[in-house]
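Derivation of every value follows stated rules applied to the coordinates shown; laboratory data play no part. What you see is a predicted model; the values in this text were computed from it and never measured. Every residue, glycine among them, receives a Cβ derived from its backbone with ideal geometry; neighbour counts consider all protein chains shown.
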Amino acid sequence: MPLVKWKNHNIQDVEVELLLGALKQRYGYDFTGYARASLKRRLEELARYYQVKHMSELISVLLYDEAVAQTLINSISVPTSEFFRDAQVWKHVRDVILPQLQSFPWINIWQVGCGLGEETYTLAILLNECDLAKKSRIFTSDINPAFLEDARRGTWSSQRLEPWRENYRNSGGRADFDRYFVAKGGTIAIQARLKQSIEFLQHNLVVDQVFKEVQFVVCRNVLIYFGAELQEQVLNLFARSLERGGYLLLGRSERIFDTREKHPDLAEQDAESALYRKVIPGGRHV
Amino acid sequence: MYRLLVIGFSAGGIPLVTQILESMPADYPLPIAIVGHWPSGHESHLAELLGASCQLPVSAAKDKEAIVAGRVYLAPADYHLLIDRTMPSAANFALSVDAPVKSVRPSIDVLFESAAQVFESSLIAVLLCGANSDGADGMVAVKQLGGLTIVLDPQECEFSTMPRSAIAGTTVDYVSSMDEIVSLLRSVHEKP
């Protein structure tokens, strides 16, 4: 008699679950709360890279070969960004949010998912230009220590400079953008003085807790990789981390659905920028 | 029964997709997800433009947004749009900023492949025109998983690399004129 297969259980979906289970049990990296569609694409790409026919063939390799496991972990959490990506949003940060934050005696900014540092240094530049660098600190966090190391180094191919210049100008930047970098050969390095206000720390949104009270959380295009449940959990973590009146900035196409029901502490402030604010009791929040 | 319509286009496609949406009745029974290539930040403008000329509500898809019948969703510029299965029989939209595929983001392939994996034979995929081969791999996936594949007749469009690549890549169900595509898509509505 032939085996009866579960309905609605696509075989590749089964492979993904088994692979995530192996990563979690062997190395403690828990990606089971991640949204599956893009995760599956990345794993399929890795299967092609390692020239195996099925994703599940990667399981025995990653269990016994730490280098393969590390490659997998890196590619699941791979960052991508640019300086002043979505210039209009950063213009809003420059013109509206930072002036608002000025009223706090001290500004802690938590920038989640460091990438290669593009958004972290975007913030550092803005703080400088708004004359807030002396009373603020940026905490940039990532699950992956290798990415933190890259972000701390702050170097990129000089070919990337051109679109960033344009982004910068469109965000209302008036200075000479190139002066924020030191060019050497084919690479550019961020000026050392911009690193002074930044702390790089390893933080895992899945398991780690609040580490500091902050006035501004910047978490752009990280939550899209999480499933709905993990998203809720992380939004709660942000709400707990924020001081009342502080801001949360998400990616341009990310939204918190049901703020009233599920996140009464967070109120939408500007839909175009995906900006939220932690509610002040008794205050007006629109 | 069909449960989702996906449409892909690139260069020269905006008038064509406008023509399709204009012909859809207000009670069209399928959700429609569209990937096109347009400059970053312009999707809300395009949503307004398309929304003004058709009877269905048009908006840029948001991450984790529910997929509702009779609504039109555009892939936001600079994000891939995907379909995520959330439960054995439920799905929503998902976005990613993963690397461009065939040098484009959003990629038609990414939407079509993820939609095919979730909706299988309940999916209709339409590929219009463009100057690159985006969508061809997506059409292969849709066809393999039992969905309905419709490609615009390359003779009917200025930029025909896109439909030609799809036709070369798989045996599509229909190679049709714009008028035929419109009546095919409308007939879904007329079916009991």
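A few points about this structure:
- Of all the listed residues (B:Ala131, B:Ala168), the sole one being closer than 21 Å to B:Gly12 by Cβ, among the small types (Gly, Ala, Ser), surrounded by fewer than 17 Cβ atoms within 10 Å (Cβ to Cβ) and in contact with a helix residue (DSSP H, G or I) (Cβ under 7 Å, 6 or more places away or on another chain) is B:Ala131.
- Restricting the stretch A:244-286 to residues that are of a type in the set (A, V, I, L, M) and farther than 22 Å from B:Ser44 by Cβ, the residue that is nearest to the other protein chains (Cβ to nearest Cβ): A:Leu266
- Selection count where residues are more than 7 Å from chain A (Cβ to nearest Cβ), in contact with a His (Cβ under 9 Å, 6 or more places away or on another chain) and over 27 Å from B:Val182 (Cβ atoms), scope the stretch B:68-111: 3
- Top-ranked residue in the stretch B:12-37 [being in a loop (DSSP other than H, G, I, E, B) and surrounded by fewer than 18 Cβ atoms within 10 Å (Cβ to Cβ); ranked as nearest to the other protein chains (Cβ to nearest Cβ)]: B:Pro29
- B:Ala69 meets each of the listed conditions (1) of a type in the set (A, V, I, L, M, F, W, C); (2) in contact with a Phe, Trp or Tyr (Cβ under 7 Å, 6 or more places away or on another chain); (3) in contact (Cβ under 8 Å) with a residue 40 or more places away in the chain apart from (2).
- Just one residue in the set A:Leu237, A:Leu161 is of a type in the set (A, V, I, L, M, F, W, C), within 16 Å of the chain's Cα centre (by Cα) and surrounded by fewer than 22 Cβ atoms within 10 Å (Cβ to Cβ); that residue is A:Leu237.
- Some residue of the stretch B:30-39 being aromatic (Phe, Trp, Tyr) and within 26 Å of B:Glu156 (Cα to Cα): yes
- If you go through the stretch B:112-147 and keep only what is among the hydrophobic types (A, V, I, L, M, F, W, C), assigned to a loop (DSSP other than H, G, I, E, B) and within 13 Å of chain A (Cβ to nearest Cβ), you end up with just B:Leu145.
- Restricting B:His80, B:His37 to those that are touching a helix residue (DSSP H, G or I) at 6+ places or on another chain (Cβ under 9 Å), closer than 30 Å to A:Ser171 by Cα, in contact (Cβ under 8 Å) with a residue 60 or more places away in the chain and not acidic (Asp, Glu) reduces the list to B:His37.
- Identity of the residue in the stretch A:49-78, among the β-branched types (Val, Ile, Thr) and within 14 Å of chain B (Cβ to nearest Cβ), that ends up nearest to A:Tyr27 (Cα to Cα): A:Ile76
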